[in-house]
1. Per residue, how much accessible surface does the stretch 294-428 expose to a 1.4 Å probe? Answer in Å², no decimals.
2. Can you tell which of Ala122, Pro170, Ile160 lies farthest toward the positive end of the dipole of the stretch 115-189, using +1 and -1 charges on the Cβ of basic and acidic side chains (Lys, Arg; Asp, Glu)?
3. Roughly what angle does helix 27-40 make with the longest principal axis of the chain, taking Cα atoms, 0 to 90 degrees, to the nearest 10?
4. Quote the relative contact order of the chain in percent (integer), defining contacts as alpha-carbon pairs under 8 Å separated by 6+ residues.
5. Calculate the tail of P(r) for the chain: the fraction of all Cα-Cα distances greater than 27 Å, expressed in %.
6. Regarding the stretch 35-192, what's the average projected area of the Cα-atom convex hull, expressed in nm²?
7. Quick one: plug the Kirkwood hydrodynamic radius of the stretch 278-428 (C-alpha pairs) into Stokes-Einstein at 10 °C, 1.306 mPa s, and report D in µm²/s.
8. Measure nothing but the geometry: give the 0 to 90° angle between the long axis through the Cα atoms of 10-21 and the longest principal axis through the Cα atoms of the chain, rounded to 10°.
Amino acid sequence: MMGGFFRMGLVPRWAAFVAVAVGSAGVHFAVFAAWLAWLARRRPVHPLVVAAGWTAAELARARLGLQNPWALAGYSEATVLPLLQLADLTGPYGLSFLVVAANAAIAGLVVPALAGRRPARARLAVAGAVAATLAYGAWRLATPADEGAPIRVALVQGGITRGFGERIDPLVAAGRYAELTRTAAPFAPALVVWPEYSVDVTLQEPSPTFEAVCVLTRDLHAELVLGAPFLRLGPHGDRHRNSVFLFREGSLSGRSDKLRLLPFAEATPAWWPVRRRGEQYEPGDAPAPLKTAHVRVGTLVCVESMHPELARAQVAAGAELLANLSNDYWFGDASAARQQLVSARMRAVETRRWMVRATPTGYSAAIDPFGRVVAQGGWGTTEIVTAVVHAARTSTPYVRFGDAFAGLAIACAVAATVMALTRRARPQ
C-alpha cells in the first residue's frame, strides 16, 4: 500500500509502516504485556482477567490516537457462525475476550502464573463461557431475522482504479459504471450501489456527469447510491467531504457524508505537528441515512466499516440497511480486502442488518443479518453482484448499550490492578 498507492520510496515506506504499526497497535499491546507481567509477579492471574486486559488494550487501540480497530482478535472467529452471533450482545470485543481467555487458559498449562489461583476452576469457567456462547449462537441462528419486503440490489464492481492524487475523467468513469449497470436490467434491481468515489467530481450541481447519472436512473427506474466528493463553500476556504449521493428518477434525492476520516490520507490529526499541504477533507456532521423508496440506507464509507460505533450510530439514526462503499484496491492485496469484508460481516451481526458492499475491484458482497455472505464478487474482477435483501427495524443489545461489555472488562482489569497493589510480589 505504501509503495503502490502512495508511491513512496523503499526507506520512507518502511519508516511509515513501522511508525503506523507501533503507534496504532504496538504501544497498546506493549502496555498490556507490561501490565500482565507486573500482575503475574504479584499473584496468579485468572485467564478471564488476562482477557479483560487485552480487551481494554483493543478498545484503546480502536478509540484513542490513530483509532485503528484493524484485525481485532475477535475477527478471527468470523467464519464460525455460532461464535459470531455473540457480536449482537458485545460487539467485536466480546469475541476478542473469548479468544484471549481460551488462549490464556491453554498458556496456563505451561505458565502457572496465568492459570489463576484455582487452575481447574479457571479452565472450567473459560470452557463454560465458550459453551454458553456456542449455545447462544445456535439459538440465534435458529431464530428468524426481522425482515421486511424483499429488495433487489445490484452492486457494481467497475474495475476502475487510481493512485493517490490521480484523477480519472469523471464522465468516462460514470459511463463505465452506467454501461455495467445496464447489464443488470434483466434482474430488475430496485437499488443500485456504486463504490466510493465512483466519479471524481461533485454532483451537487449540473454537469455532464450529473446528467449521465440522471439519465441512467430514469431509464432503469432504479434508485442509485454512489460515492463522489462534495464541496462545501465557506468564508475561510472550500472544504471537501467524502460523500454518498442518492439519485431517484433522474434527480438528486439525498446525500450522506463520511464521518470518520482516514488519518493522514484524508486529514491530518489535530495532534500531529506537521500540517499537510493541499486538499483537506472535513468529516460530516452526523449520521444521515438515505431515504430510498424502499428502505433507509445507512452508509459506511471505506474503513468506516471497521468502526462498530459508526454502524451503531447509523442504525440509531434509523438505518434499516447498511451500505459500505469502499475502494479496497488501494490496499494493494486481496488479503486486506478480505479483512474489510470480515469487518463488514461483524457489523451486520452487531446491528442485525443486511449489509451490502460495493468496491471497484472486490470484494463486493451482500451479507445477511447473521453474518453469512450470500453473494460475493471476486478480487480484481469487473462484474455485477446481485442479491435480494430486506429492511430490518430490530434493535439489538449492542445497538442500545454499545461497548458496555468492553467497559466491564476495563473495570475488571482495574479491579485486578488495585488488588495486586495491596499484595507484595511473589518470590520467583
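1. Counting only protein heavy atoms, the per-residue value for the stretch 294-428 is 34 Å².
2. It is Ala122, whose Cα lies furthest towards the positive end.
3. It works out to around 20 degrees.
4. 20 percent
5. Details: 49832 of 91378 pairs.
When every Cα pair of the chain is considered, 55 percent fall beyond 27 Å.
6. Spelled out: convex hull of the Cα atoms, projected over all directions, averaged, 14.7 nm².
7. Stokes-Einstein gives a translational diffusion coefficient of 92 µm²/s.
8. Taking the Cα atoms of the chain, the angle to 10-21 is about 60 degrees.
The values are calculated or read from the model by the stated rules, or taken from the named source; none is laboratory data. Quick caveat, the model's predicted, so the values are computed rather than measured. A quick note on method: Cβ atoms are made from the backbone with ideal geometry, for glycine too, and the neighbour counts reach across all protein chains shown. Note: accessible area is taken over every heavy atom of the protein model, side chains too, but ligands, DNA and RNA are not part of it. Shrake-Rupley method; radii C 1.70, N 1.55, O 1.52, S 1.80 Å.
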